[in-house]
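Working notes for the structure below.
Each value in this text was obtained by applying a stated rule to the coordinates, not by laboratory testing. None of the values given here were measured: they were computed from a predicted structure. Cβ sites come from the backbone with ideal geometry, for glycine too, and all protein chains shown count toward neighbours.
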Amino acid sequence: MDLGLTLGSLLAITILALIAAKLFPVSSGLDEGRVKRNLKRYEPDLEFGKTYVATGGKIALAEIINRPDVIGLTHLLGDRVVCRILTASDIKRVHRGRAKLAIELNDFTQPEISMVFPTDVAADAENLLNSISKPAETAHAA
């Protein structure tokens, strides 16, 4: 193995990686527009309302207007956005700690999602989750 060829190859790979990083930067966190755009691509028939982006911009919840029994969840993993539509049967439990809101899911691939929301939207995000995970009891006339 020639040391010159090895070092030259490593230098070329490093230069190409730096050029690719400048040409194709990993975008910053989620915002309302990015959340709605990705969810719309994932589920085109749904209309999305208010979005709640967690602190750090990695996770967001979205209200769905034409299907109040489900919510949208987006999770930024590297440069990819993973979208899910959560129903009541997907959520095992929602609990709130001191500063975080956690969702336990009936899914072995992502059993728990922890989010920290700004204080002004934390209660609204929890209410959105509880609206599908704890459906209102209906009284039946006897």
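At-a-glance table
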{"read-out": "Filtered trypsin sites (Lys or Arg not before Pro), region 59-106: DSSP coil and at most 15 other beta carbons within 10 Å", "value": "R98, K100"}
{"read-out": "Structure-based [θ]222 nm, the chain - -39500 (n - 2.57) summed over DSSP H runs of at least 4, per residue, nearest 500", "value": "-11000 deg cm²/dmol"}
{"read-out": "Neighbour count of at most 14 Cβ within 10 Å plus DSSP loop: longest GluC sites (Glu not before Pro)-free window in the chain", "value": "48-136"}
{"read-out": "Simple label model, 7 Å out from Cα along Cβ direction - H95 to S28, nm", "value": "3.5 nm"}
{"read-out": "Along each principal axis, Cα extent of the chain, largest first, Å", "value": "88, 31, 29"}
{"read-out": "Selected from I59, I19, I91 as most flexible by GNM, with the chain as the system and alpha-carbon contacts under 10 Å", "value": "I19"}
{"read-out": "Within the chain: Cβ-based charge dipole about Cα centre, in debye rounded to nearest 20 (Lys, Arg +1; Asp, Glu -1)", "value": "200 debye"}
{"read-out": "At least 20 Å along the helix axis (C-alpha) and Kyte average at least 1.6, DSSP helices within the chain", "value": "3-23"}
